[in-house]
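Shown next, in structure tokens, is the structure this report addresses.
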Amino acid sequence: MHMRKATAEHGGLFGLFEADVTFYRDEPFRDYRPRFGIEPEDAKTIWITDHGRRVALLDKNDYLIDLFEFQPGHPRLQNPQKPPVYHAPTLLGARLTLAQWIGKQGRTSDTWELAIEESVDQVAFTITERWNKPQRRSTKRIDVRVHPQFGYVVFTSDAMRSAEPVDLEVYNFLVKGLTHHHPAKRRFPLVAWRSASRGLLKWTSNMVSLRCAGHQDKEFARNLGTNGWLGFFGEPDWNPIYALNEASRPCTVATCDNLLDEHFCFAPPPAMNGEYVFSCQGALLALPGQVADQLLEHAAFNELLADQPNPAWPYSVSPRLRPFNLNQLCDFENSIPLDGYYRGQYWFAAENGGEWAAISGEKAHSGRWSLRLRVRPEDGEKSISPMGSTMWLETGRSYRVSAYVCHDGKGTGQFRLCVSQAYFTYAENRDPKEARCDATSSTAWQRLELTFTALPNDPCAVVQLVAGGDGRWFIDDVLLEEITVGRTGH
């Protein structure tokens, strides 16, 4: 790494965000004098410090910067440490990715180089990526500074040159608590953004309404233009925002339905002298609760257009999906409202749908509805898992998964209730467990259950229903619960 004095200055600064917060005139950090430094922990970890206190983390393993302090002189974290498994539920603050995502998540370049410049006033990182086939070059500059109004800010500047047209995800924006389902840990119930055509919009965070056309519509509702912004809101302490200052192409944003991270994406730029050239500037910052609340008052709720055609929900009616949450009995009776705050999982099965998996009123263990899985011998085993917010667990605690199942049909059938654990990549299948039910004809309802203990470093639970044979399996009263002393049964 080459180290020299940082001299680059940002003009100013935040695109349309500046106009949206003109009501906020305070400069609480105008007289603050930082003393930035860097503190390498190992080959993959660099802490950015101010007066010796850690304020941000640069992780070269996952190619990201995590800004977790926002108000100079008023630290959030007393002794910030990098968790042994550093992933979505263990983030420290607000994260931006430091590799250009092309075609898939994560780094695809042939080389990734980092240069560091430090002074008492700022720390700057320059990241250079190169691709050989086709030839591409990206230069990303990250400056950590103190702004008189907003405190610690990460300013960004990107330039991309490519021999062929390329779609870019320049930044992926994820914050602590956004991905969590647990009531004590989930944060940011609202999202707000500046639409290029519709002005200031807000949306109540809901895993199911993500599938509605109004939220999927990136070209209209979810288009930030070249200088819009997006932020996560609803907290009293810090509400993070990424604001575009100037981009050479309009930005559209998309959301993952399990993490709720926001993808800042750009279509291929036009050719210039035989090259496709893209540039972008922006800033990551956070607002205190009172200022964020005032900004939200000026935003209109985004129209979901729930009944319009939408590839994410290929049915003629609005999604009526059933919830699945920790310590809550899933009896398939009630659907998730689209206009409320919902941070949890759901079963992707239509009510009285014609697919192999559907919410059915034909048979139920309790109430009217159950989940029906229709299977045929030629299909072998098929499986379904709840989707939506990742079910992060508490390390070392014990859990139980149970369900009532029955088989309807003259042929044989097999059913497995499965659970495994995974971390951020979801590619693992750790500590798999299953409870099994076999049938030779129609059966009465019977209860399956299994128990497990959460692995170290906050993994997630992956619940899976696996069915095979010839006939229909009905599943009802599914429960994933933490086992506590003195509590038995449901």
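Bear in mind that the values in this text are calculations on the coordinates, not laboratory data. What you are looking at is a predicted structure, and each value in this text was computed from that prediction instead of being measured. Cβ atoms come from the backbone with ideal geometry, glycine included; neighbour counts cover every protein chain shown.
General observations
- When only the Cβ of Lys, Arg, Asp and Glu is charged (+1, +1, -1, -1), the dipole of the range 3-301 relative to its Cα centre reaches about 380 debye.
- Other residues within the sphere of radius under 13 Å centred on the Cβ of Phe301, judged by their own Cβ, net out at -1 (K and R +1, D and E -1).
- Environment charge of Gln446, counting only residues whose C-beta is closer than 14 Å and scoring Lys/Arg +1, Asp/Glu -1: -1
- Taking the Cα centre of the range 322-482 as reference, the dipole from Cβ charges on Lys and Arg (+1) and Asp and Glu (-1) amounts to some 220 debye.
- Restraint check, Lys140/Lys176; Lys82/Lys104; Lys44/Lys82, Cα-Cα greater than 19 Å: Lys140/Lys176; Lys82/Lys104
- Peptide ranges 286-297, 337-348 listed from the most packed, as the mean C-beta count within 10 angstrom indicates: 337-348, 286-297
- Separation of the alpha carbons by more than 32 angstrom is noted, of Lys202/Lys433; Lys363/Lys433; Lys218/Lys363; Lys133/Lys218, for Lys202/Lys433; Lys218/Lys363.
- Furthest towards positive pole of dipole, Leu479, Ala56, Gly340, structure part the chain, Cβ charges: Leu479
- At full extension, Leu329 and Asp257 could sit 23.7 nm farther apart than now, given 0.36 nm per residue minus the alpha carbon distance.
- Rg ratio (alpha-carbon, reference 2.2 N^0.38 Å) - the range 347-435: 1.26
- If R0 equals 60 Å, the separation of the Cβ atoms of Lys433 and Arg30 corresponds to a calculated FRET efficiency of about 0.55.
- Alpha-carbon Rg with Dmax, taken over the range 3-301, Å: 18.3, 54
- The label-point distance for Glu355 and Ser316, in a model that sets each label 7 Å from Cα toward Cβ, rounds to 1.8 nm.
- The distance between label points at Ala43 and Asn273 comes to 3.9 nm (points 7 Å beyond Cα on the Cα→Cβ vector).
- Couplings 3J(HN,Hα) of the range 378-395, computed from phi: 5, 8, x, 7, 10, 9, 9, 10, x, 10, x, 4, 5, 8, 5, 10, 9, 3 Hz, in residue order, whole Hz [Karplus 6.51 cos²θ - 1.76 cosθ + 1.60, θ = phi - 60°; x for Gly and Pro].
- Value of [θ]222 nm, deg cm²/dmol, for the chain, DSSP H segments ≥ 4, -39500 (n - 2.57) each, nearest 500: -1000 deg cm²/dmol
- Kirkwood's formula applied to the C-alpha pairs of the range 169-295 gives a hydrodynamic radius of 15.2 angstrom.
- Chain lengthening between Gln78 and Arg447 when straightened (0.36 nm per residue, less Cα-Cα): 128.1 nm
- Length released on extending from Thr128 to Thr395, taking residue separation times 0.36 nm less the Cα-Cα span: 92.3 nm
- With K and R counted +1 and D and E -1, the other residues having a Cβ less than 11 Å from that of Phe36 yield a net charge of -2.
- Between Glu378 and Asp307, the FRET efficiency estimated from the beta carbon spacing at R0 = 45 angstrom works out to 0.80.
- Ranked from largest, the principal axis spans of the Cα set of the range 165-243 equal 43, 26, 24 Å.
- Convex hull (Cα only) mean projected area of the range 322-482, reported in nm² to one decimal: 9.4
- Tail weight of P(r) past 17 Å, computed on alpha-carbon pairs of the range 296-362, percent: 52
- Label point of Gln135 set 7 angstrom out along Cα-Cβ; within the range 262-293, amide nitrogens under 13 Å from it belong to 274-276.
- Prolate/oblate/rounded label for the range 407-468 (Cα gyration tensor, a/c 1.5): prolate
- Distance between the range 200-247 and the range 28-101 - C-alpha centres, whole angstrom: 24
- Cα pair distances exceeding 13 angstrom across the range 29-96, given as percent: 64
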